[in-house]
Amino acid sequence: MNHGIRLPFYVGKSPTLKIRGLIATEKILKGQIIERCPAIIFPKNPDIIEQTIFDHYVFDWNETHEALALGYGSLCNHSYDRNVEVDFDIDGKYITFSAIKNINIGDELFINYNDDSFDPIDSDYLRFDKDLKS
């Protein structure tokens with residue numbers, strides 16, 4: 001009996017950003033759940049979190065808390081031309097990642113870290129991950 005989990009992606013080098021990212025290993029259809037990650041929820045404390053590598057991997061959970069997605073969700077890179085959406089299950093403490101368009105084999109999975117009014121992500125922000133091996 002196989003109890004392993006088969007995910008439709010692998011962690012590899014982003015073809016566009018040259019850092020670690022999630023790359024599709026099979027066609028993912030629009031609406032398909034890619035991963036449902038348990039979340040570790042903790043109070044926002046910018047004085048602490050911004051001094052750590054975790055600042056690059058957490059989600060705003062609500063006005064007072066942040067969340068770290070267990071599994072691979074926190075490794076999804078940013079793009080305004082995203083192909084994945086993020087939904088928060090506040091009661092169950094899960095973060096679900098679903099395709100918002102068809103994703104082909106070899107495509108990188110992207111979420112939008114911000115709203116659509118501006119894009120503060122720049123090359124300086126992305127340097128933190130350049131030395132990590134895929």
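The values are calculated or read from the model by the stated rules, or taken from the named source; none is laboratory data. Here the structure is a predicted model, which means the values were calculated and not measured. As a convention, Cβ positions derive from the backbone with ideal geometry for all residues, glycine included, and neighbour counts pool all protein chains shown. Just the protein is used for accessible areas: all its heavy atoms, side chains included, with ligands, DNA and RNA removed. Shrake-Rupley method; radii C 1.70, N 1.55, O 1.52, S 1.80 Å.
Backbone phi angles across segment 67-79, fed through the Karplus curve with coefficients 6.51, -1.76 and 1.60 (θ = phi - 60°), yield HN-Hα couplings of 9, 10, 7, 6, x, 10, x, 6, 9, 6, 7, 8, 7 Hz in residue order; Gly and Pro are listed as x.
The Cβ shell under 11 Å around residue 49 holds other residues with a net charge of -3, Lys and Arg each +1, Asp and Glu each -1.
With all protein chains in place and a 1.4 Å probe, the accessible surface of segment 1-97 carries 53 percent carbon and sulfur.
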